[in-house]
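Novice: Encoded as structure tokens, here's the structure I'll be asking about.
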Amino acid sequence: MESIYDVAKYLLSKEPMSHKKLQKMCYYAQAWYLANYKERLVPNRFEAWVHGPVSPDLYNRYRDWGWENIPIYRDKIDFEDRQTASFLDEVYKVYGDYDADELEKITHREEPWKNARRGIPAGVYSRNPILLSDMRDYYGERIGKA
């Protein structure tokens, strides 16, 4: 497994981005990795917060940026698995052109976040985990790997 902080830095090497966008990008990296390989990319959990999926660990690392863009990361990232970078490049190709608000709206329409928020009114605080099995199955169905 990779470090969520290294995954975040790698995505930040593509562009400066808001903390909210970075959260969604890391969530999609985890979700699509689960769908493709049936195992986690990172060990961290994602929760169904009001504005979409959030890793509390990543939140604590970057929360001081608030709504400001986190600057581009310029150092090289060495992953345990050589193919992680190319996998993240594919995730970025699909989601990188969206802004944070668009990514939030997309995640709100998808089953993993909706399942974790079931019974919780819109705008109400929640720390409910987004189940790995929900991510694996939902995104796996989209690529015929469920």
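The values are calculated or read from the model by the stated rules, or taken from the named source; none is laboratory data. Remember, it's a predicted structure, so these values are computed and weren't measured experimentally. Note that each Cβ is placed from the backbone with ideal geometry, even for glycine, and that neighbours are counted across all protein chains shown. Heavy atoms of the whole protein, side chains included, go into the accessibility calculation; ligands, DNA and RNA do not. Shrake-Rupley method; radii C 1.70, N 1.55, O 1.52, S 1.80 Å.
Novice: State which residue is nearest to Trp32 (Cα to Cα) when the search covers only region 92-123 and only residues that are in a helix (DSSP H, G or I) and of a type in the set (A, V, I, L, M).
Specialist: Val94
Novice: On to the next question. Filtering region 32-46 down to residues that are among the aliphatic types (A, V, I, L, M) and either in contact with a Gly (Cβ under 7 Å, 6 or more places away or on another chain) or closer than 16 Å to Asp89 by Cβ (or both), which residue is surrounded by the most Cβ atoms within 10 Å (Cβ to Cβ)?
Specialist: Only one residue fits best here, namely Leu41.
Novice: Among the residues of region 35-55, how many are under 13 Å from the mean Cα position of the chain (by Cα), under 22 Å from Lys105 (Cβ atoms) and not β-branched (Val, Ile, Thr)?
Specialist: So the count comes out to 8.
Novice: For region 116-144, which positions are hydrophobic (A, V, I, L, M, F, W, C) and at pLDDT 95 or above?
Specialist: Ala116, Ile120, Val124, Ile130, Leu131, Leu132, Met135
Novice: Restricting attention to region 47-68, report how many residues are open to solvent by less than 90 Å² (accessible area, probe 1.4 Å) and modelled with pLDDT of 95 or more.
Specialist: So the count comes out to 15.
Novice: Right, another one. Restricted to region 1-11, and to residues that are part of a loop (DSSP other than H, G, I, E, B) and either in contact with a Ser or Thr (Cβ under 9 Å, 6 or more places away or on another chain) or in contact (Cβ under 8 Å) with a residue 60 or more places away in the chain (or both), which residue is nearest to Lys93 (Cα to Cα)?
Specialist: Only one residue tops the list, namely Glu2.
Novice: Sticking with this structure for a sec: Looking only at region 12-21, decide whether some residue is hydroxyl-bearing (Ser, Thr, Tyr) and either in a strand (DSSP E or B) or in contact with a Lys or Arg (Cβ under 6 Å, 6 or more places away or on another chain) (or both).
Specialist: Yes - at least one qualifying residue is present in region 12-21.
Novice: Which condition breaks for Arg74 when tested against (1) open to solvent by 80 Å² or more (accessible area, probe 1.4 Å); (2) of a type outside the set (Ser, Thr, Tyr); (3) modelled with pLDDT under 95?
Specialist: (3)
Novice: I need a count of the residues in region 22-62 that are in a loop (DSSP other than H, G, I, E, B) and touching a residue at least 60 places away in the same chain (Cβ under 8 Å).
Specialist: 5
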